[in-house]
Amino acid sequence: MPDFLFFDIETRADERRLALVDDLKPPKTVKDITAWKAKKLRDAALDPDLARVSSVSWSIGAAGAITTLVALPTETPLQVLAGRDGFAMDHQVTLITGDVAEADLLRRFWQAFADCDGFACGWHIIGFDFPFLLRRSLYSNVAPGVIPRLAKYHTEPVRDLYAILNNWGTGKGLKEQCGLFGIPTAGKSGADVQGMSWEDEARYGEEDVRLCKAMYQRMSGVYF
């Protein structure tokens, strides 16, 4: 059994790109253009054309320590933090700063993915995380060393727990589903990320990876 790259990404609306909404043309079926654009702004953090990958957390193997990369478009000096400032001892957090922070984050993620030979596991990663990462990589001119296989109805090399649990249909969010299985969560959702400090975002990403690993263990022997 290969070591899966358990991972989760967090995204934030890119303030520099939100002005593009004014130039977007809605579908012909839209009658209220103002309301359509307002919704675009509200949902901007989920749109890879209007948002950026602000952090990514991963663990190589179900028992591996967790790494979080946080991209900050500032001039803050690079820092590596682990076992301090409220972070767990097995949680290493790296800040990547500057105008090319997101591109650097993407390169590091794709290298970790390649190190796992394209095997990955997460929640809704076929429907959201990988498509978002690929679009942002296109913007950043970052080529994945290994292109993820996003075919439906497969459990390898990409194992999407959300898709498998819901037979490739729609379902509940990770934390809600974990709660139903009795897996304890902090209760915050991805919608809270936009207003978080980078420290809280790093802890949030770490929790999501831990929950993915817990869900993987819970589903093992039944779904795969």
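All of the numbers you see were taken from the coordinates with simple rules; none came from a lab. Only a predicted model underlies this, so the values are computations on that prediction, with no experimental measurement involved. Cβ placement follows ideal geometry from the backbone for every residue including glycine, while neighbour counts extend to all protein chains displayed.
Table for the structure above
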{"item": "Pairwise label distance in nanometres, residue 168 with residue 88, each label 7 Å out on the Cα-Cβ vector", "result": "3.3 nm"}
{"item": "Part-to-part distance (alpha-carbon centres) for the stretch 18-36 and the stretch 124-193, which is given in Å", "result": "28 Å"}
{"item": "Longest DSSP-loop-exposure-free segment, trypsin sites (Lys or Arg not before Pro), the chain, at most 10 other Cβ within 10 Å", "result": "153-224"}
{"item": "Dipole magnitude (debye, nearest 20) for the chain, charges at Cβ of Lys, Arg, Asp, Glu", "result": "780 debye"}
{"item": "Loop-exposed GluC sites (Glu not before Pro) per DSSP, neighbour cap 16 Cβ within 10 angstrom, longest uninterrupted part of the chain", "result": "76-224"}
{"item": "Dipole axis of the stretch 5-219 (+1 Lys, Arg; -1 Asp, Glu on Cβ), positive-most option in 165, 179, 7", "result": "165"}
{"item": "Over the stretch 5-219, relative contact order from alpha-carbon pairs under 8 Å, at least 6 apart, %", "result": "23 percent"}
{"item": "Highest-MSF residue in the chain out of 49, 208, 32 [GNM, Cα springs under 10 Å]", "result": "32"}
{"item": "Full-stretch length increase - residue 25, residue 117 - with 0.36 nm per residue and alpha-carbon distance subtracted", "result": "29.1 nm"}
{"item": "Mean shadow area of the stretch 79-224, taken as a quarter of the surface of its Cα convex hull (nm²)", "result": "9.5 nm²"}
{"item": "Sites residue 223 and residue 146, calculated FRET efficiency, Cβ-Cβ separation with R0 22 Å, nearest 0.05", "result": "0.35"}
{"item": "Whichever aspartates and glutamates have a C-alpha closer than 18 Å to that of residue 175, once near sequence neighbours (fewer than 8 apart) are set aside", "result": "8, 10, 129, 160, 192, 200, 201, 206, 207, 208"}
{"item": "Within the chain, helix-based [θ] at 222 nm, where runs of 4 or more DSSP H residues each add -39,500 (n - 2.57), nearest 500", "result": "-9500 deg cm²/dmol"}
{"item": "Beta bridge orientation in the chain: antiparallel %, DSSP, nearest 5", "result": "60 percent"}
{"item": "Segment residue 3-residue 16, extension gain: residue separation times 0.36 nm, minus the distance between their alpha carbons", "result": "0.9 nm"}
{"item": "Kirkwood hydrodynamic radius (C-alpha pairs) into Stokes-Einstein, the stretch 115-178, 4 °C and 1.567 mPa s, D in µm²/s", "result": "104 µm²/s"}
